[in-house]
1. Of A:Arg83, A:Arg97, which residue is within 14 Å of chain B (Cβ to nearest Cβ), farther than 18 Å from A:Arg233 by Cα, touching a strand residue (DSSP E or B) at 6+ places or on another chain (Cβ under 6 Å) and open to solvent by 30 Å² or more (accessible area, probe 1.4 Å)?
2. Any residue in region B:122-145 that is outside any helix (DSSP H, G or I) sitting within a Cβ distance under 6 Å of a residue that is buried (at least 19 other Cβ atoms within 10 Å of the Cβ)? List the pairs, counting only those 6 or more apart or interchain.
3. Return only the number of the condition from (1) outside any helix (DSSP H, G or I); (2) touching a helix residue (DSSP H, G or I) at 6+ places or on another chain (Cβ under 9 Å); (3) in the same structural domain as A:Thr68 (by TED's automatic domain parsing) that A:Val236 does not satisfy.
4. May I ask you to list pairs of residues, at least six apart or on different chains, whose Cβ atoms are under 7 Å apart, with the first in region A:54-81 being closer than 24 Å to A:Pro19 by Cα and the second being of a type in the set (Phe, Trp, Tyr) and crowded, with 22+ Cβ neighbours inside 10 Å?
5. Would you list the helices (runs of 4 or more DSSP H) that sit entirely within region B:1-103 and hold 1 or more residues that are surrounded by fewer than 24 Cβ atoms within 10 Å (Cβ to Cβ) and β-branched (Val, Ile, Thr)?
6. In region A:38-50, which residues are in contact (Cβ under 8 Å) with a residue 40 or more places away in the chain and open to solvent by 50 Å² or more (accessible area, probe 1.4 Å)?
7. Go through region B:153-177 residue by residue and tally those that are within 13 Å of the chain's Cα centre (by Cα) and surrounded by 22 or more Cβ atoms within 10 Å (Cβ to Cβ).
8. If only one of A:His89, A:His78 is in contact with a helix residue (DSSP H, G or I) (Cβ under 9 Å, 6 or more places away or on another chain), under 21 Å from B:Arg250 (Cβ atoms) and either facing chain B (nearest Cβ under 10 Å) or at pLDDT 95 or above (or both), which one is it?
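The values are calculated or read from the model by the stated rules, or taken from the named source; none is laboratory data. Keep in mind that this is a model prediction, so the values were computed, not measured. Cβ sites come from the backbone with ideal geometry, for glycine too, and all protein chains shown count toward neighbours. Surface areas here come from the heavy atoms of the whole protein model, side chains and all, with no ligands, DNA or RNA. Shrake-Rupley method; radii C 1.70, N 1.55, O 1.52, S 1.80 Å.
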Amino acid sequence: MTAAGPEAAPRPLAGLTAPPAVEIEGVTRSHRGRRGAEPVLANDGISLTVHPGEVFGLLGPNGAGKTTLVRQIVGALHPDAGRIRVLGHDITVDPRRAPRLLAYLGQDEPALRELPVGLAVETTGRLRGLSRAEARSRRDVLLDELGIGEVHRRPLLALSGGQRRLAHVAAALIGERPLLVLDEPTTGLDPVARRAVWAALDRRRAAGVTVVLVTHNVLEAETVLDRVAVLDRGRVIACDTPGRLKAMVSDEVRLDLVWRGAPAADDPTVALLAQSAVVSGRRWSIRLPREQAREALGRLTAGPALESLDDFTLATPSLEDVYLALGGRDRDLERG
Amino acid sequence: MTTPLALAPGLPGAFAAVYAGQVSRAKASRGPLLFVATLQSVGILLLLRGVVDTGDGVTGQQIVAGSTVLVVAFVALNLLAQRFGALRGDGGLDHYAALPVPASAVVLGTAASYATFTVPGAVLTAVVGCLLYGLPLAHLWVLLLVLPLAGASLAGIGALLGLLAPRPELATVAGQLGMSAVLFLGVVPAERLPLVLQAVRALLPSSYAADALARALGPRVEITSLAPDLAICAVAAVLSLALASTAYRRAVRR
């Protein structure tokens with residue numbers, strides 16, 4: 001799988017007459033508070049278009065409104081205002097069409113929890129309209145593709161978190177739909193399993209399937225997405241290819257310093273960096289132009305401040321830096 | 001220009017798939033609860049055998065019938081209310097909301113699987129009851145009518161309670177209370193209850209199932225005499241399952 005470079009354009013449309021895979025216009029949705037508590041505005045006038053055949057990401061920290069948005073796309077929640085079309089069908093008017101157009105993977109699948117893996121996948125396939133024989137043969141292929149064939153008799157409850165998530169992914173992939181809406185499909189997966197999911201998605205994309213993928217993992221966003229919408233507090237703060245988004249902050253780098261004890265406040269370089277550092281525990285994170293970063297690091301490592309420095313890294317910009325540069329305020333995006 | 005919709009499974013296909021999944025789920029997780037349900041009813045049979053004068057025969061019939069229907073209430077009403085309450089509370093209904101399944105298939109398939117699992121415990125309770133209270137075993141074939149009808153009507157109520165309860169804990173409480181009502185009002189003969197409770201008893205479909213079974217355990221059974229009670233049970237089953245399907249539709253699209 002290739003990462004989209006800065007020059008990457010949205011993938012060509014599957015056909016000029018094909019409708020957008022998802023069209024979201026001005027979608028607003030609040031969660032009603034319990035017992036008279038103030039409603040929380042989870043989506044605030046979101047507009048987005050997902051083109052056919054692309055892997056489109058929704059990136060943002062917890063609470064940004066990503067899950068609320070995808071639950072509206074799949075018809076499980078109704079927007080307070082706005083309109084959502086899926087493959088040309090207005091889901092806000094008739095949400096029952098959504099399940100006949102798309103497959104959805106939620107953050108958890110409690111309905112499948114006690115089922116053996118094979119039966120969970122088979123049943124989901126039958127409920128998507130496959131015959132029992134078709135569902136069984138597709139199930140076998142999918143479990144092998146995701147590398148969980150040997151646990152097909154075990155209930156999901158009894159599996160490790162990673163294997164359970166792979167079983168959820170298999171349930172989402174059975175009964176091929178032209179649109180997959182996946183809410184954090186790789187959370188809790190080890191790198192090998194994560195690559196298995198990415199490869200499975202890539203094969204479907206090659207066959208023309210559109211994928212909408214929620215993530216708060218920056219690496220995943222940069223590796224697999226054709227385009228990404230960055231969400232913060234219910235709004236879209238940017239939407240483009242990962243490459244173009246990163247180009248917005250390409251003249252800057254991130255310097256991370258981890259201190260052993262209290263950093264020497266009288267060191268002029270430390271004092272200068274302290275002004276713009278985002279501190280979490282012993283870690284300082286500073287975004288600054290390349291040249292300045294190089295000089296600051298040189299002075300730190302050559303001077304007495306090195307004594308109290310435990311570790312340091314200098315990194316090129318990631319989507320996390322884009323998020324922060326655009327005014328994002330939460331800091332729980334995952335880097336690994 | 002729109003993309004054509006994929007085919008959706010019909011009601012029978014979706015029902016069969018939901019039912020098969022739920023039965024398998026139950027095999028894995030409901031065994032111990034089923035044991036408890038049966039033990040509770042057999043315990044009540046033993047307890048009342050020791051403390052109640054059942055010389056008139058009718059009291060014994062009512063106790064055996066009430067205890068048998070109680071097994072159904074434990075699983076189909078109480079456990080099903082908890083199941084739907086939990087699914088609603090933890091987002092499990094999203095799974096079904098994103099599948100092209102008729103609401104009635106999810107409710108009926110789940111209800112039918114819970115009702116199925118009451119059968120071994122209910123039959124065992126009835127047989128032990130008849131032996132303990134000296135009642136004829138010959139008429140136990142009536143269970144073939146009573147169990148499905150009691151199961152369907154109580155499962156409908158259980159599903160409805162679970163889907164309407166705003167929080168899973170309230171679904172559990174409602175299921176427990178419903179089961180207690182079935183226990184108390186089904187085991188105690190109607191004429192020994194205060195008027196208010198007689199009215200409540202008349203509202204519970206399980207009472208009609210218990211009454212039909214009680215009559216069947218007498219020395220002579222006329223099937224026609226059971227018909228009115230069983231008919232009421234059937235109507236209650238249709239009504240409660242229809243209401244539960246409506247409640248399900250509302251719960252999956254908010």
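1. Numbers: A:Arg83 fails: within 14 Å of chain B (Cβ to nearest Cβ).
Every option except A:Arg97 fails the conditions.
2. Close Cβ pairs satisfying both conditions: B:Leu135/B:Leu217; B:Leu137/B:Cys130.
3. Unmet condition: (2).
4. A:Val74/A:Tyr104
5. Values: elements: B:11-29, B:31-51, B:58-72, B:80-89, B:93-97.
Result: B:11-29, B:31-51, B:58-72.
6. Answer for region A:38-50, where residues must be in contact (Cβ under 8 Å) with a residue 40 or more places away in the chain and open to solvent by 50 Å² or more (accessible area, probe 1.4 Å): A:Leu41, A:Ser47.
7. Let us first name the residues in region B:153-177 that are within 13 Å of the chain's Cα centre (by Cα), namely B:153-161, B:175-176.
Applying the additional criterion that residues be surrounded by 22 or more Cβ atoms within 10 Å (Cβ to Cβ) yields B:153-161, B:175.
Residues in region B:153-177 being within 13 Å of the chain's Cα centre (by Cα) and surrounded by 22 or more Cβ atoms within 10 Å (Cβ to Cβ): 10 in total.
8. Working: A:His89 fails: under 21 Å from B:Arg250 (Cβ atoms).
Sole residue among the options that is in contact with a helix residue (DSSP H, G or I) (Cβ under 9 Å, 6 or more places away or on another chain), under 21 Å from B:Arg250 (Cβ atoms) and either facing chain B (nearest Cβ under 10 Å) or at pLDDT 95 or above (or both): A:His78.
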